[in-house]
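Report on the structure given below.
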Amino acid sequence: LVKAVIFDLDGVIVSTDEYHYRAWKHIADDESIYFDREYNDRLRGVSRKESLDIILKNANRSYTLREKEELLLRKNDLYRKYLEELSHKDILPYVVRTIKMLKENGIKIAIGSSSKNAKFILSKLGLDDTFDAIIDGTMIEKSKPDPEVFLSASNLLQVNPNECVVVEDAIAGVESAQQAGMQVIGVGHAVIGTNITYKVENLRNIAEIIQEITEN
Ligand code: BG6
Ligand code: MG
């Protein structure tokens, strides 16, 4: 039985994944560090700090703690400038319809995100009162692929992990959900190589998939 669906935010509800890429690309170019979209896919679902550590592996020198903190601030400033422009129109296709359908069927919905900007993004999208629970990067100790974020969400919803379905665009997020003992629906190109059963391009057929999971 499926009692709850936990959505990742960046790359599932809204294409902020593109803004993360542009902000990191800017930083990497400034520092003359190689970075491309393929690299960026490895940062999906990963915390800001850990993302920087991954990017800096390509640098030809080491960075002090202070330098790293400065880069993190710069990245977030650039990223927040993109976020300022967000509105209801930026919600990805089929998201609103999916949320409505789940609510009509008495299925609880939550956000499970590594982002510390999650609440700001949700308010920009006009989705602040939409979800039954939100767990974001400010509320967790360990970022995806650790299962903490999804376990905390199921806990807040008071639904057993095995009755939760996670919708994710990130490899780290898929691993996190699997470790939490939840079913996963993967969205987009980054999760194509993973061993999950359900992979979709967008949320169009989520209702049918949840029906199928329920019957299995
Ligand atoms: C995740 C994104 O949702 O949040 C990652 O997929 C990002 O790319 C992480 O690094 C942390 O986000 P923020 O907004 O706290 O920098
Ligand atoms: Mg994501």
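The values are calculated or read from the model by the stated rules, or taken from the named source; none is laboratory data. Note that this is a predicted model, so its numbers are computed, not measured. Note that we place each Cβ from the backbone using ideal geometry, even for glycine, and neighbour counts take in every protein chain shown. Please note that ligands, DNA and RNA were not included when accessible areas were found on the heavy atoms of the full protein model with its side chains. Shrake-Rupley method; radii C 1.70, N 1.55, O 1.52, S 1.80 Å.
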Note on the stretch 15-28: residues crowded, with 18+ Cβ neighbours inside 10 Å, under 19 Å from residue 168 (Cα atoms) and not aromatic (Phe, Trp, Tyr) are 16, 17, 20
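Just checking: which of the helices (runs of 4 or more DSSP H) contained wholly in the stretch 1-101 hold 2 or more residues that are over 30 Å from residue 211 (Cα atoms) and within 14 Å of ligand 2 (Cβ to nearest atom)? Please lay out each step first, then the result.
Details: elements: 16-30, 37-41, 48-56, 65-84.
The helices (runs of 4 or more DSSP H) meeting that bar are 16-30, 48-56.
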Expected output for the stretch 193-216 (first residue over 13 Å from residue 95 (Cβ atoms), partner part of a helix (DSSP H, G or I), Cβ below 7 Å, 6+ apart or cross-chain) is 194/171; 194/174; 196/174; 198/209; 199/191
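So which residues in the stretch 85-125 are acidic (Asp, Glu) and either free of Cβ contacts under 8 Å to residues at least 40 places away in the same chain or open to solvent by less than 50 Å² (accessible area, probe 1.4 Å) (or both)? Before the answer, list the steps.
Step one: of the stretch 85-125, the residues acidic (Asp, Glu) are 85, 90, 104.
Hits for the stretch 85-125 are 85, 104.
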Taking the stretch 143-179 and keeping residues within 21 Å of residue 108 (Cβ to Cβ), open to solvent by 10 Å² or more (accessible area, probe 1.4 Å) and not in a helix (DSSP H, G or I) leaves 147, 158, 159, 160
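Tell me which residues, restricted to the stretch 102-120, are under 28 Å from residue 51 (Cβ atoms) and assigned to a helix (DSSP H, G or I). Full working, then the answer.
We begin by selecting, within the stretch 102-120, every residue under 28 Å from residue 51 (Cβ atoms); these are 109-120.
Hits for the stretch 102-120 are 118, 119, 120.
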Taking the stretch 29-70 and keeping only residues that are within 21 Å of residue 192 (Cβ to Cβ), open to solvent by 40 Å² or more (accessible area, probe 1.4 Å) and basic (Lys, Arg), one is left with 37, 42
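Out of the stretch 198-216, which residues are part of a loop (DSSP other than H, G, I, E, B) and surrounded by 13 or more Cβ atoms within 10 Å (Cβ to Cβ)? I'd like the intermediate steps shown before the answer.
Let us first name the residues in the stretch 198-216 that are part of a loop (DSSP other than H, G, I, E, B), namely 201-202, 216.
The answer is 202, and nothing else.
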